[in-house]
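Asks: My questions will all concern the structure given below.
The values are calculated or read from the model by the stated rules, or taken from the named source; none is laboratory data. Small disclaimer: the values here were computed from a predicted structure and weren't measured. Because the Cβ atoms are built from the backbone with ideal geometry, glycine has one as well, and the counts that use them run over all protein chains shown. We work out accessible area using only protein heavy atoms, side chains counted, and drop any ligands, DNA or RNA first. Shrake-Rupley method; radii C 1.70, N 1.55, O 1.52, S 1.80 Å.
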Amino acid sequence: MIRWLLLMGSLWTACAASAQVRVGVVLSGGGAKGAAHVGFLQALEELGIPVDAVTGASMGALVGAYYAAGYSPAEMDSLLQTEAFQHRANGTLPISFGFKRQDPDPSVVEVRLSSASGWTRDYVIDGLPTDWGLMQDLAPASAKAQGDFDALFVPFRCVASDVLAKSDTTFSSGDLATATRTSMTYPFYLEPVEVDGRLLFDGGLYNNFPSDVLLEAFAPEIIIGCNVSFGEVSLSAQDPASQIEAMITRPANLQLLSNSMVIISPETGIGTFDFDEVEQAVEAGYRATMERADELLDLVAGIGISPEEVARRRTAFRESVLPFEVGDVRLTGLNPGQTQYASRLLRRAAPGTRSSVLERSLYLLVSDEHIASARPVATFNPSTQRFDVSVAARSERDLRFEAGGSLSSSPVSFGHAGLSVSRFGRVPLAVEASSTFGNFYSAFAAHARLDWHGALPFAIRPDFTLHRWNFERSFATFFQDVRPSYLVLTEQEFGLSAFTPVGPHGVLWMRGAHLETTDDFYPEFEFNPTDTTDRIRWTGVVGGAGYRRSTMQEKSMNRAGNRFELSLRRFRGTTQDWLRNEVGLARRDTSVSQAAFYRLHGLVEQYTAAREERISVGVRGEFLFSDEQLRRSYMGSVVQTAPFAPTPGSDIRMLERFRSYNYVAVGAISDVRLFGVFRWRTEVHWYRPFDRLLSTGKGPVLDESVGPGYLVGTWLVASTPFGLMTMGVEHHQGERDPWLVEFTLGHRVFNRSARR
């Protein structure tokens, strides 16, 4: 009997001791490499190792917070592979608003300035996609726990850095989304978060492996860590970013705090910001943990938990969490006039609205050029059982400088610079002026824009543009001689446009403008530069309306998205000719001719990606119908027609074969990723004019029997910080000089032209 009682007592003592043994998990920072924590947690669950508490820094805080909120490793793995996560990692808005889009320009550098405080720069990425995702995903679990991180599915801690105090701070309560976002805020990359009057930054700066926090807060008997931060900062005299990192960061403390502590160190093979390769890191974390499975199972012998039991507990916790439903929406951070304007952008986000409506309204808010950032924070309202959202907005700096241009092996290089000034109030105003300067193309443009958001949002834009195109007969390569100019086109346009949105991407526009064009040209292909050029001047007005819609993000050579344009314009004006007589002397045409005509133009372009976006296939269609009449001379008629110019080379040459009053065209595009930043792009365009201009001894005529033609081009394309770099060849069928071989760097973008 005594032996039996001693045996039962020993078993009871062992069971009680095993029930009290707790396992704590530590997750390091490391950017994209931190996705390995997802595979690490997945392996722990499959091995039956319980997780009784978790602490993390930076990316480790993100993974730890989702795990503590009841998300399974499989759910987190799926989230990492979504387009939404890529938007968060890259700071890109998942929705683009055509009404807020600025006209494309050749700039490659943009700097925001403040007229009040001097030179400043903004943060690398927009934080709204991250803020919204964290709020929507974590606020319900935070509300269930009533702000106590010990009451989450798994007790949780994360750290942030106070750079003034030069120390880390620990979050154990409050808003889970805010704590996680604060721990991820890398300096200069994401806008810092103010908590209790202090600006806090990335927790990995001072404590990138918070095992001490885990031990102090939870005192677990067993500690298992996952570390993806290796070595010291690589300090370089030529890299300011590495110098800043070396000054403000401390090495992670990887010291084993007890004999019951194991640290898993996956080799992910990716960089800190390689968020498009996170799946590789997840697999590395899973593999590295499974390789040490025997050691881990020995460490936790007798306290295992089945994956089914973990799933049951997680399901019970998630079912007790309320769904994220929007209550009141409040805007802070702006002055009264600015608040009145910005509130109209959020007007659809009324209490009880779907979260997707508020999300779209927030993206509309930050897409406005007068708003620098907006950060939402949700607070659960017990009386309404909804989440009230406070949006802290920050106005954009009032000065913007841009610079860029295009470098080419052909004589068409140009530079570009622009400056804009804005006034942000109840009705915001932005004024911009820019100059483009080069031998082939030069321009001066100025415009102002007034925005109004009411029952019918609209914008008014007066503008002035002066263009000059200088076409040459031959194309030199870098330092070769260039033949003299044979055609100079000058346009002066002053107009007023009105815009209103149609859906998230579409814009309906109306425009009226005074247009004056002056064209100087030689009438023959072979000419003597000492001869007098012919001149045609057209003066009149242009009015029109149209619709355009675009989801394409790049300024040229897109491989994703679509666009659609449809416009109808009416031209009415007077033409004056200065033509040479038989002896080569200039004479003025004493007659005054009137010109009035319509132009109906349409364009559609669509890209579809395949094989994990390695291959992109596109189609392009375009048409132009007009009742325009011939001018007195052949070249005078040619220069007045609208060009068909779908490729970079066709946009810088006077292709007589591809100018007509009426035409249809279709094209096919393939864009294949080769390696790194390099792509191989090929385009084939079929062009069918309904009337081709021909030169005869009696003047220009229209040939309606002309057949179709084609444009084809292929390029090696690379994305660089200075715009696209291309090396390619184009063939323009039927032209006197059909081949073009060209190297370019930058953005070849011209100002809008009513005539072109």
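Asks: Going Cα to Cα from Lys100, which lysines come in below 30 Å? Please leave out same-chain ones fewer than 8 positions away.
Replies: Candidates past the 8-residue exclusion: Lys555.
Asks: Here's another thing I want to ask about it. Within 11 Å, Cβ to Cβ, of Arg386, how many net charges do the neighbouring residues add up to if Lys/Arg are +1 and Asp/Glu are -1?
Replies: My count for the surroundings of Arg386 gives -3.
Asks: Could I ask something else about it? When only Cα pairs under 8 Å and 6 or more residues apart are kept, what is the percent relative contact order across the range 372-523?
Replies: 14
Asks: In square angstrom, rounded to the nearest 10, how much accessible surface does Asp531 have for a 1.4 Å probe?
Replies: Here the residue's solvent-accessible area equals roughly 60 Å².
Asks: Taking a probe of 1.4 angstrom, what is the accessible area of Trp686 in Å², to the nearest 10?
Replies: So the heavy atoms of Trp686 present about 110 Å² to solvent.
Asks: A further question on this structure: With all protein chains present, how much of the accessible area of the range 540-679 (probe radius 1.4 Å) comes from carbon and sulfur, to the nearest whole percent?
Replies: 56
Asks: Could you tell me whether the range 316-408 comes out rounded, prolate or oblate from its Cα gyration tensor? Rule is a ≥ b ≥ c as square roots of the eigenvalues, rounded for a/c under 1.5, then prolate if a/b exceeds b/c, otherwise oblate.
Replies: Judged from the Cα gyration tensor, the range 316-408 comes out prolate (a/c at least 1.5, a/b above b/c).
Asks: As a test, work out the antiparallel percent of DSSP beta bridges whose residues both lie in the chain, rounded to the nearest 5.
Replies: About 90 percent, rounded to the nearest 5.
Asks: Can you bin the chain into rounded, prolate or oblate? Criterion: square roots of the alpha carbon gyration tensor eigenvalues sorted a ≥ b ≥ c, rounded for a/c under 1.5, prolate for a/b above b/c, oblate for the rest.
Replies: Because a/c hits 1.5 or more and a/b exceeds b/c, the chain counts as prolate.
Asks: Rolling a 1.4 Å sphere over the protein heavy atoms, what is the accessible area per residue of the chain, to the nearest Å²?
Replies: With all protein chains present, the chain gives 45 Å² per residue.
Asks: Can you give the local net charge around Ile652? Use residues other than it whose beta-carbon is closer than 11 angstrom to its beta-carbon, Lys and Arg +1, Asp and Glu -1.
Replies: Charge balance in the 11 Å sphere: -2.
Asks: While we're here: What net charge do the residues around Gly506 carry, taking every other residue with its C-beta under 10 Å from that of Gly506, with Lys and Arg at +1 and Asp and Glu at -1?
Replies: +2
Asks: Something else: What is the dipole size for the range 251-404, taken about its Cα centre, with +1 at each Lys and Arg Cβ and -1 at each Asp and Glu Cβ, in debye to the nearest 20?
Replies: 1100
Asks: Just to verify a number: what accessible area does Thr490 come out at with the full protein assembly present, 1.4 Å probe, Å² rounded to tens?
Replies: Answer for Thr490: close to 50 Å² accessible.
Asks: Going highest first, how would you order 731-741, 607-617, 400-410 by mean Cβ packing within 10 Å?
Replies: Highest mean packing first, the order is 400-410, 731-741, 607-617.
Asks: Now for a separate question. Where does the chain land at 222 nm, in deg cm²/dmol rounded to the nearest 500, when only DSSP H runs of n ≥ 4 count, each adding -39500 (n - 2.57), divided by all residues?
Replies: -6500 deg cm²/dmol
Asks: Taking the Cα centre of the chain as the origin, how large is its charge dipole in debye, to the nearest 20, when only Lys and Arg (+1) and Asp and Glu (-1) carry charge on their Cβ atoms?
Replies: 2540
Asks: Let me ask something additional. Compare the peptides 655-665, 618-628 by average per-residue count of other Cβ atoms within 10 angstrom and give them in order, highest first.
Replies: Per-residue mean Cβ counts within 10 Å order the peptides as 655-665, 618-628.
Asks: Another question, then. Give me the dipole magnitude in Debye, nearest 20, for the range 542-687 about the Cα centre, with unit charges on the beta carbon: positive for Lys and Arg, negative for Asp and Glu.
Replies: 200
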